[in-house]
Amino acid sequence: MSGGWRRLRSRRGARVWPPPSPASGGLGAPPAPAGAARQRVAMLLENNPYPQDIRVRREAEALVRAGHAVTVIAPRDAGQPRRETVAGVGVRRFRAPAGVTGPRSIALEYAVAGARLHLAALVELVRGATVLHLHNPPDLFAAAGLLARLLRRRVVFDHHDLFPELVGEKSAGRALGVVASVAERTTFAVASLVLSTNESMAEIARTRGRVRADRVVVVRNGPPAAWIEQGRPGRDGPLDDPRLVYVGAISSQDGVRDVAQLLRMLADEHGLPGARLTIVGEGDARADVERELRADGVAEQVDWAGWVAVERIPQILAAADICIDPAPPSELNHRSTMIKIAEYLTAGRPVVAYDLVETSRTLGGAGIVVAPGDVGALAAAIARLARDGDERAALATKGRARAAKLTWERSERALLTAYEGLRR
């Protein structure tokens, strides 16, 4: 696993946690119609191991339940076998360079992984794969997609992330940005179908990618509906010791370094020295966050949970009073759906975040958004909620109602309908 470039993020369901089993609330695919032609799907995944990547696993298992045959080719994590079957999904793994950081090392990783994935794609196509399903980032697989199209097979581009914007945030080199833009454009060009994680990403596919609107389908990330039922009422009345929670990656683009200033402002300006924050996640910026916390004298107010099994998330959120997302404004963040927001809503907890385009769309009025990048406004909103139990309860009710429209079950139906369209 590489350091700063791998997307161990909550925003698009790429958490490297054990994902839920189908029994934990998945809708399950409808039975295959008699005589229906099913697809043989080969999924290429470079960014995370499998089955740890939640979005990829949920999609793969949904397709298997619908009667399709699915093979996932992915990096091999420590202790994983080269081949196995997970919940009906065939998995083939390759060993990627470990512990790499920085643009040059990442380029080496991508070169090695790209070669192995292209070889695996060729093998799967020879064996009869009818669909090549490409997961980004990175946008490495245009050549494999072109080969599939030449063989009259279908190509699905599962557009998790904006690769050019990601490269722009991680590297100051203009040349890398140009390469990333070309890679994205060529991947769009070979796609028979694009799966977008939200409407902003779909707009990118239609405009920058020049993909016809009828070939773009939104398949959002979202928690299972069962999480809504696991929620329980929060604490009542004014709180002098609000329990805050942040779920997600700890990387430079996630804004987690601001939590030190946030806790200090809650104590100094709003009289809430008892506020505590639980951080669920890991990432390359953790050391920076810990330094900021020590410098501001608030390190003792933070509990680090690290990565946890996804089944534990509802329990952790239920113990919180207020959920936060300090992701700063950027082109990448404005267009990204933070999966943590939907998870917060399913728990029935009030959410405070910056007014980013897709964050606000996901909340749908069921949370408080403040001016992007204004830590003082973020602290003020948290303090207001801490002292107003009625407002917390009202937002919890709105949140659960909104969460019902964001569950994975809805996205699963969109995925399976899109695959039926491929067959036609």
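The values are calculated or read from the model by the stated rules, or taken from the named source; none is laboratory data. On a predicted model such as this, the values are computed, not experimentally measured, just so you know. Using ideal geometry, Cβ is built from the backbone for each residue, glycine included, and neighbour counts are taken over all protein chains shown. When the accessible area is computed, the model is the full protein with side chains, heavy atoms only, and any ligands, DNA or RNA have been set aside. Shrake-Rupley method; radii C 1.70, N 1.55, O 1.52, S 1.80 Å.
Go through (1) more than 20 Å from the chain's Cα centre (by Cα); (2) open to solvent by 50 Å² or more (accessible area, probe 1.4 Å); (3) on the phi < 0 side of the Ramachandran plot one by one and return the number of the condition residue 302 breaks.
Of (1) more than 20 Å from the chain's Cα centre (by Cα); (2) open to solvent by 50 Å² or more (accessible area, probe 1.4 Å); (3) on the phi < 0 side of the Ramachandran plot, only one is false for residue 302: (2).
Residues of the range 332-357 being open to solvent by less than 10 Å² (accessible area, probe 1.4 Å), within 29 Å of residue 233 (Cβ to Cβ) and not aliphatic (A, V, I, L, M), which ones?
Hits for the range 332-357 are 337, 340, 343, 344, 346, 348, 349, 350, 354.
Find the residue count for the range 74-96, including only residues that are open to solvent by 30 Å² or more (accessible area, probe 1.4 Å) and either modelled with pLDDT under 75 or out of contact with any helix residue (DSSP H, G or I) (no Cβ under 7 Å at 6 or more places or on another chain) (or both). Walk me through it before giving the result.
Kept after step one, since they are open to solvent by 30 Å² or more (accessible area, probe 1.4 Å), are these residues of the range 74-96: 76-79, 81-85, 87-88, 92, 95.
Keeping just the survivors that are either modelled with pLDDT under 75 or out of contact with any helix residue (DSSP H, G or I) (no Cβ under 7 Å at 6 or more places or on another chain) (or both) gives 76-79, 81-85, 95.
So the count comes out to 10.
Considering only residues that are assigned to a strand (DSSP E or B) and of a type outside the set (A, V, I, L, M, F, W, C), look in the range 216-246 and name the one that is surrounded by the fewest Cβ atoms within 10 Å (Cβ to Cβ).
243
Every residue, every condition in (1) polar (S, T, N, Q); (2) free of Cβ contacts under 8 Å to residues at least 60 places away in the same chain; (3) assigned to a helix (DSSP H, G or I), yes or no:
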position	(1), (2), (3)
342	no, no, yes
345	no, no, yes
379	no, no, yes
382	no, no, yes
402	no, yes, yes
406	no, no, no
410	no, no, yes
422	no, no, yes
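Considering each residue of the range 337-373, count those that are among the acidic types (Asp, Glu) and within 16 Å of residue 396 (Cβ to Cβ), and give that number. Show your work before the answer.
As a first pass, look at the range 337-373 and keep what is among the acidic types (Asp, Glu): 343, 355, 358.
Pick out the ones that are also within 16 Å of residue 396 (Cβ to Cβ) and you get 343.
The qualifying residues number 1.
Counting only residues that are of a type outside the set (A, V, I, L, M) and modelled with pLDDT of 95 or more, which one in the range 373-385 is farthest from residue 270 (Cα to Cα)? Give the derivation first.
Step one: filter the range 373-385 for residues of a type outside the set (A, V, I, L, M), giving 373-374, 376, 384.
So of that shortlist, the ones also modelled with pLDDT of 95 or more come out as 374, 376, 384.
Details: 374: 16, 376: 10, 384: 9 Å.
The extreme case among them is 374.
Of the residues 180, 260, 205, only one is in a helix (DSSP H, G or I), touching a His at 6+ places or on another chain (Cβ under 7 Å) and touching a residue at least 24 places away in the same chain (Cβ under 8 Å); which? Steps first, answer last, please.
Numbers: 180 fails: touching a His at 6+ places or on another chain (Cβ under 7 Å); 260 fails: touching a His at 6+ places or on another chain (Cβ under 7 Å).
Of the residues listed, the single one that is in a helix (DSSP H, G or I), touching a His at 6+ places or on another chain (Cβ under 7 Å) and touching a residue at least 24 places away in the same chain (Cβ under 8 Å) is 205.
Touching a residue at least 12 places away in the same chain (Cβ under 8 Å) and in a loop (DSSP other than H, G, I, E, B): which single residue out of 129, 121 fits that description? Give the derivation first.
On the way: 121 fails: in a loop (DSSP other than H, G, I, E, B).
Only one candidate passes the filter, namely 129.
Please indicate, with yes or no, whether at least one residue in the range 74-89 is in a loop (DSSP other than H, G, I, E, B) and closer than 23 Å to residue 418 by Cα. If you could, list the steps in order and put the result at the bottom.
To start, the set of residues in the range 74-89 that are in a loop (DSSP other than H, G, I, E, B) comprises 76-82, 87-88.
Applying the additional criterion that residues be closer than 23 Å to residue 418 by Cα yields 87-88.
Yes: the range 74-89 contains one or more residues that are in a loop (DSSP other than H, G, I, E, B) and closer than 23 Å to residue 418 by Cα.
Condition first: surrounded by fewer than 16 Cβ atoms within 10 Å (Cβ to Cβ) and more than 27 Å from residue 196 (Cα to Cα). Can you find one or more residues in the range 249-260 that meet it?
No, that holds for no residue.
Over 22 Å from the mean Cα position of the chain (by Cα) and under 23 Å from residue 308 (Cα atoms): is that true of residue 81 in this structure? Even if it seems obvious, please write down each step before you answer.
Details: over 22 Å from the mean Cα position of the chain (by Cα): yes; under 23 Å from residue 308 (Cα atoms): yes.
In short, yes.
What number of residues within the range 53-73 are modelled with pLDDT under 95 and among the hydrophobic types (A, V, I, L, M, F, W, C)?
So the answer is 1.
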